[in-house]
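Notes to accompany the following structure.
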Amino acid sequence: MPLDDVVFWVFAPIAIAAAVGMLVTRSVVYAALFLVVNFGCIAVMYLVLDAAFLFAVQIIVYTGAIMVLFLFVIMLLGVDRIEVRSEGLWLQRPIAIVLAVGFVLEVAAAVRAGIGFSTHAPDGFDLLQPAGNAQAVAEVLFHNYFFPFEATSILLIVAAIAAMVLAQRKVRAVTQAELGAELEDEPQDEPGVEVAP
Amino acid sequence: MRTPIAYFLLLAGILFAMGTVGVLVNRNALRIFMSVELQLNAVNLTLVSFARLHNDLGGQVLAFFSMVVAAAEVVVGLAIIVSIYRRQRTIDVDVAREMRW
């Protein structure tokens, strides 16, 4: 049994089990940690698929930054307060599972019709990247996809500004002069009241 | 690499279906968001698999862009969830009925 097969058959069941655990666990924190396990397994899959750069990016961005952000928000809002107890429609869960099974069967049929279950990846992928995967990806990225790369930087700036605007408390900024004037005039309301949007 | 590419595609399909179930069944906005992340990762795995199948690095670059967009989406989405929680004291998506406040 080749080593690739061993790695795949070890980590694919772990990935699926972690996804199942994320769906069935009662605790949101456990769900987030199961998702970390799942992302780690997908990172290993990238390694098997000769995408070493994406392996590193997956671990840094997903299991690092994004999941820390998730856990931070969970802790910010309070673990016990964000549990949702409302009941769904009574047939919602079975119908969702039936749809999911149908989707998996459809993917299997499409894969079988498209490339077949025994198609191996062609050789020669290493020849594409003589200096390593990261340099090869960088070559493609900065030669063929330079404009989308620049657009991505704008997207990230807009997202960062949007997060700050959305997450701020609506507290009016009070200048030093206003503060002094209000103290002299015996203000009716406290500085820092909510401003009508 | 001797593992058939179809296995990776099937794994991605299974993970995507589980993410879909999570989106359809849950009412907690954070859980729905995690399920969306699972779906995005499944699609990324598909992209990388096809990049390997066709010996084309464009698929890996596209997966890279997808990760960037996912990061931006998480930042904005979690900020919206925090904002909804401040307003309604719950993140049940059944309670959030209006888009403006």
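The values are calculated or read from the model by the stated rules, or taken from the named source; none is laboratory data. Note that the structure is a prediction, hence the values are computed from the model and not measured. Counting neighbours? That spans all protein chains shown, and the Cβs are built from the backbone with ideal geometry, glycine included.
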| request: Look at A:Ala110 and say whether it is surrounded by fewer than 16 Cβ atoms within 10 Å (Cβ to Cβ), more than 26 Å from the chain's Cα centre (by Cα) and either more than 8 Å from chain B (Cβ to nearest Cβ) or without any contact (Cβ under 8 Å) to a residue 24 or more places away in the chain (or both). | output: yes
| What is the residue count in the stretch B:33-59 for residues that are more than 7 Å from every other protein chain (Cβ to nearest Cβ) and not in a helix (DSSP H, G or I)? | 2
| said: Looking at A:Pro13 and the list (1) of a type outside the set (Val, Ile, Thr); (2) modelled with pLDDT under 95; (3) farther than 18 Å from B:Val23 by Cα, which single condition is not satisfied? | reply: (2)
| Selection status of A:Ala31, at the interface with chain B (Cβ under 7 Å from one of its Cβ atoms) and farther than 30 Å from A:Pro122 by Cβ | yes
| field | Residue identified as of a type outside the set (D, E, K, R) and either more than 7 Å from every other protein chain (Cβ to nearest Cβ) or without any contact (Cβ under 8 Å) to a residue 12 or more places away in the chain (or both) among A:Ile74, A:Ile60 | value | A:Ile60
| Can you name every residue in the stretch A:37-52 that is at the interface with chain B (Cβ under 7 Å from one of its Cβ atoms) and either within 17 Å of A:Val137 (Cα to Cα) or acidic (Asp, Glu) (or both)? | A:Tyr46, A:Val48, A:Leu49, A:Asp50, A:Ala51
| said: It is to be established whether one or more residues within the stretch A:156-163 are within 21 Å of B:Asn41 (Cα to Cα), within 10 Å of another protein chain (Cβ to nearest Cβ) and either part of a helix (DSSP H, G or I) or among the hydrophobic types (A, V, I, L, M, F, W, C) (or both). | reply: yes
| remark: Picked from the stretch B:60-69 (must be within 30 Å of A:His120 (Cα to Cα) and not aromatic (Phe, Trp, Tyr)), the residue farthest from the other protein chains (Cβ to nearest Cβ) is B:Ser66
| task | Would you point out which residue out of A:Ala159, A:Ala121, A:Ala134 is surrounded by 12 or more Cβ atoms within 10 Å (Cβ to Cβ) and touching a Lys or Arg at 6+ places or on another chain (Cβ under 9 Å)? | result | A:Ala121
| remark: Those residues of the stretch A:77-105 which are farther than 27 Å from B:Ser66 by Cα, more than 7 Å from chain B (Cβ to nearest Cβ) and free of Cβ contacts under 8 Å to residues at least 24 places away in the same chain amount to A:Gly78, A:Asp80, A:Arg81, A:Arg85, A:Glu87, A:Leu89, A:Trp90, A:Leu91, A:Pro94, A:Ile95, A:Val98
| field | Any hit, the stretch A:172-179, residues being at pLDDT below 85, more than 28 Å from B:Pro4 (Cβ to Cβ), among the basic types (Lys, Arg) and loosely packed, with under 10 Cβ neighbours inside 10 Å | value | no
| So which residues in the stretch B:1-32 are within 30 Å of B:Ile91 (Cβ to Cβ), facing another protein chain (nearest Cβ under 7 Å) and assigned to a helix (DSSP H, G or I), if there are any at all? | B:Gly13, B:Ile14, B:Leu15, B:Ala17, B:Met18, B:Thr20, B:Val21, B:Gly22, B:Leu24, B:Val25, B:Leu30, B:Arg31
| message | Of all residues being more than 7 Å from every other protein chain (Cβ to nearest Cβ) and not in a loop (DSSP other than H, G, I, E, B) in the stretch B:70-96, which is surrounded by the most Cβ atoms within 10 Å (Cβ to Cβ)? Just the residue, please. | response | B:Gly77
